[in-house]
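Below is one structure, written out as structure tokens, with a few remarks after it.
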Amino acid sequence: MSKQLKLKIVTPERLILEEMVDQVSLPTTEGEITVLPDHIPLITGLSSGDVIAVANGEYVPMAIVEGFVEVKNLVVGVPSGTPTTITEVAVLADFAEHVSELSEEKIVQAKARAEELKKLMENKEHVDFEHFEAELERSLTRVKIADKWRTKKYRK
Amino acid sequence: MSNGKAIKNRIKSIKSTKKITKAMELVAASKMKRAVSSTLASRLYAEYSWEILTSIAQNAEELEHPLFTDRSGLPSRNVTADQRKILLILITSNRGLCGAYNAQVIKKAISFLKNLPVGKEGKNIGIDVVSIGKKGDVAMRRLGVNVIASFIDLNDKISLAKIIPVSKLVMDEYTALHYDKVLVAYTDFISALTQRANIKQILPVSKTDLKEVIENLVVGVPSGTPTTKSQKEQKTTYLFEGDKVKLISSLVEKLTRMQIYQMLLESNASEQSSRMVAMKNASDASGEMIDDLTLVFNKARQANITREISEISAGMASVS
């Protein structure tokens, strides 16, 4: 078995995903990067988009909104043998959702919500505006990512 | 027997009240469970973001960020400042019937307002309030404190998205130099039976405080799950992609937001548990009341029967 890395996706609300994958692509603020096992330690910001993990040749796409990623190598002591390192990729996002959770129905809703929010944003107070802005970005990201993965194959 | 019916009616009304309080108790219990579990769920995020922050800090030697620097000592501000200002965020519930929960935190806030140190010119330090929850809002307005914003549409199920306006407002006001300090009055959830009203400073961020908060989160969880801290021994040097300053500032913003979120969750858990206890007491009290009233009712009934019998036998005696 080839070497794998440990992917963790965490939001303030819950732990979304924790599993061993072959590689993971992330939308950083500077562009898109792909992390393979034994990547050097890295910290960077994430923009909104999709985190695509590849596990056993299958894509596991997740829609995320803003956050950070921390890549580090953990030394795991095996009782009998030599210690090995595991690359851990921790994604801290404000929101994260598996693409399969974005069903057709939800996309339609998200689209409608995005439209509605856009209209509302024009005549809202400052405080509310922040909330709507975040909501809007979340809705738009959902729509974008769901559209992108509609025709592609991925692991549910 | 005139009051037999009245007693019966009272028993009936107390019984229906008991049903309601019992139902409220159960609802509060399940809501409390959810609130507690979401408090624990946010722990992991807190831990990771702290780790990232410390790794940045140790690589960048010194964290220089407006949210970190303590402004109270800056001379330039003291000279020009008309008054130094403090912003207090008061977290209360929207609804009553939850024991001393609201009263405690409001009392704490009021005593804080009274004990404010006196400013340079002998004037009080200006204080503004952001209220979360109707109860605190009403109390503060009655006191005549300047409430600059009130958030009363947060329900029991708090999501992070709902905190964004609160945290954004606070951070904008702070970075715009309107305030020197931001404090939060909230209720600490210690256990289902004990909650403590507390006032904590969130801005400027003090690194030791923040660390304490996060460590407390970790301690509050049953051990067994190895934390990331135990696994890494040596410090690694990280590669940073992008602007480090930007990274730090957005990380600090997120940590502050997370702290507010955490405090709201704590307060929510406290609210539900104190409501649960209050409703449990009410149900118990109504049970006792029903027992007492049933006893009174039975006594009255018995007295009535005895009287009737004696009347009949007296009538019999007079006839024969």
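FYI, it's all coordinate maths here, none of it is from the lab. These numbers were taken from a predicted model, which means no experiment stands behind them. In this analysis, Cβ positions are derived from the backbone assuming ideal geometry, glycine residues included, and neighbour counts consider all displayed protein chains.
What to note about this one:
- Taking the number of Cβ atoms within 10 Å of each Cβ as an exposure proxy, the fewest-first ranking of A:THR151, B:THR194 is A:THR151, B:THR194.
- Efficiency of FRET between B:ASN155 and B:MET316 - r from beta-carbon atoms, R0 60 angstrom, step 0.05: 0.25
- Estimated distance in nm for a label pair at B:ILE148 and A:THR84, the labels positioned 7 Å out from Cα along Cα-to-Cβ: 5.5 nm
- As a proxy for reagent exposure, ranking B:SER16, A:SER47, B:SER38, A:SER2 by other Cβ atoms within 10 Å from fewest up yields A:SER2, B:SER16, A:SER47, B:SER38.
- Here the label points at B:GLU253 and A:LYS106, each 7 Å from Cα along the C-beta direction, are separated by 2.6 nm in the simple model.
- For peptide B:49-56, the mean count of partner chain Cβ atoms within 10 Å of a residue's Cβ comes to 3.
- Estimated at 0.36 nm per residue, the fully extended path between B:ASP291 and B:ARG95 surpasses their Cα-Cα distance by 67.5 nm.
- In order along the stretch B:180-196, the Karplus-derived 3J(HN,Hα) couplings, from 6.51 cos²θ - 1.76 cosθ + 1.60 at θ = phi - 60°, round to 9, 8, 10, 10, 10, 9, 9, 10, 7, 8, 9, 8, 5, 9, 10, 9, 10 Hz, and Gly and Pro are given as x.
- Estimated FRET transfer efficiency when R0 is 30 angstrom, pair A:THR29-A:ALA55 (beta carbons, to 0.05): 0.75
- If the Kirkwood radius is taken over C-alpha pairs of the stretch A:1-121, then at 4 °C and 1.567 mPa s the Stokes-Einstein diffusion coefficient equals 83 µm²/s.
- Rounded FRET efficiency, nearest 0.05, which uses the C-beta distance separating B:ASN281 from B:LEU116 and R0 of 35 Å: 0.50
- Each peptide in B:43-52, B:296-305, B:243-252 gets a packing score, the mean of other Cβ atoms within 10 Å over its residues, and the list from highest to lowest is B:43-52, B:243-252, B:296-305.
- Karplus-derived 3J(HN,Hα), 6.51/-1.76/1.60, for each residue of the stretch B:241-251, Hz, glycine and proline x: 10, x, 6, 5, 4, 4, 4, 4, 5, 6, 5
- For the residue pairs A:LYS72/B:LYS108; A:LYS118/B:LYS246; B:LYS162/B:LYS246; B:LYS5/B:LYS31; B:LYS108/B:LYS246, the C-alpha atoms sit more than 32 angstrom apart in A:LYS72/B:LYS108; B:LYS5/B:LYS31; B:LYS108/B:LYS246.
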